[in-house]
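Here, each number is a calculation from the coordinates, and none is a lab measurement. Only a predicted model underlies this, so the values are computations on that prediction, with no experimental measurement involved. Heads up, the Cβs are rebuilt from the backbone with ideal geometry, glycines too, and the neighbour counts pull from every protein chain shown.
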Amino acid sequence: MKCNTIGAIILVLVGLLVPAVLVYAGSPGGSELELGDTITVTDGMGREVEITKNPDHVICSGPGSLRLLVYLGAHDRIVAVDDMEKKTSRIAGRPYALANPQLKEYPLFGEFRGYDNPELIAALDPQPQVIFKTFGDMGYDPNELQQKTGIPVVVLNYGDLAGRREDLYSSIRLMANIVEKQARAEQVIRFFDDTIDDLKRRTADIPDSEKKTCFVGGVSFRGPHGFQSTEPVYPPLLFINAKNAAYDPEKAVSELSHADIAKEKIVEWDPEYIFVDLATIQVDKAAGAIYELAHDPAYRTLSAVEQGKVFGVLPYNLYTQNFGSILADGYFIGSVLYPDRFGDTDHVKKADEIYEFLVGEPVFGMMNDAFGGLAFERIILEE
């Protein structure tokens, strides 16, 4: 009887002590999680992945992955970056990187576009507890990467602000659930919706007969391009109800993607306004959109060129879509096409408001400097 009583007391004491030990051991940085706490999530490829709850250490693989983590304000958890973040270039067109120059100082874990290096990842100290990976079919296979590193890989569908907005929102929420930034995720999503709704509201009642026809040239797609490169569903034009000459109304928004348009077709369309995606200045001068518009005899005949209606806009794609720049471009283009509808906004201040909310800093000035002061300006074409 005496032995049974002593044994019971020991069991009670162990029961009290063990949780305390587990909380301490699993609580770096003040976390109250018990050691070994995990959650299972379903990622963008439908894979069930078990991961450490609220991880302290992560890496972001693939285009746009780190951008989303910055939007959530959780980029202090990264332990390494891909080589896109470490490259030194005169063209720094990624607002999240401009707002966080410290990203260049982190260790390297692989090449850009998801070409991860398992050996470099294995050597990281501290070790990442989860790898966020956009574009799961690009670069290193997520399953193989997870198997080789022993680190859970969560694939995110990057989505967009046009036909695949729900994919984007699902990914933001998935990432937020993992790093426990759910409230911030809802703020970001509401910000996107409210900003897009504002752009649409300003121009919703413009009759079709008064809508301006536009063409956006020089759009980057897996690298910089010349004038013929465009987006048939260019969100800024979509949001302000303008006519995109490259848009095919017979196709759903989700069916349309990047396109290279024949020069003859652009001349046939003869858009009233031309907007040049300034990512084009990264190519050799003679291959860039601005040079082509100034020197190609066919483009010189365009009405927009003859009338001086050519304007520079911030890059749509630089390491995939720049959502903040897309929204900022919407306000600028709206002020050009329909000044009476946007007279109460300063498009430069609006751009900085957007950047400050999303990435924490008003970086329009730095963006504009990187692109020769041509952002949100009329482009003077000189032969």
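By count of other Cβ within 10 Å, fewest leading, how are Ile333, Ile196, Ile39 ordered?
Going from least to most buried by this count: Ile39, Ile196, Ile333.
If I take every Cα pair under 8 Å that is 6 or more residues apart in the range 290-348, average their sequence separation and divide by the length, what percent do I get for the relative contact order?
16
What order do you get for Ile380, Ile131 when you list them from fewest to most C-beta neighbours inside 10 Å?
Ile380, Ile131
So, counting K/R as plus one and D/E as minus one, what does the shell of residues with Cβ under 13 Å around Glu85 add up to?
Residues close to Glu85 contribute a combined charge of +2.
As an exercise, identify the trypsin sites (Lys or Arg not before Pro) in the range 82-160 lying in DSSP coil whose Cβ has no more than 13 other Cβ atoms within 10 Å.
Answer by residue number: Lys87, Arg90.
Which of the DSSP-defined H helices in the chain satisfy a minimum axial length of 20 Å, computed from C-alpha atoms, and a minimum mean Kyte-Doolittle hydropathy of 0.0?
Those that pass (Cα extent of 20 Å or more, hydropathy at least 0.0) are 2-25, 165-179, 323-337.
Dipole size in debye (nearest 20) for the chain around its Cα centre, Lys and Arg Cβ +1, Asp and Glu Cβ -1?
Once rounded to the nearest 20, the dipole reads 540 debye.
For the range 207-370, what's the relative contact order in percent, using C-alpha pairs closer than 8 Å and at least 6 residues apart?
Taking the mean separation of contacting Cα pairs over the length of the range 207-370, I get 22 percent.
If you take every residue apart from Gly139 with its C-beta less than 14 Å away from the C-beta of Gly139, what net charge results, scoring Lys and Arg +1 and Asp and Glu -1?
-3
Evaluate the chain: find the radius of gyration of its Cα atoms, find its Kirkwood radius, and give the ratio Rg to Rh.
My calculation of the ratio gives 1.09.
Using the 10 angstrom Cβ neighbour count as an exposure proxy, how do Glu186, Glu50 rank, fewest first?
Least crowded to most crowded, the residues run Glu50, Glu186.
What percent antiparallel are the DSSP beta bridges of the range 207-370, to the nearest 5?
25
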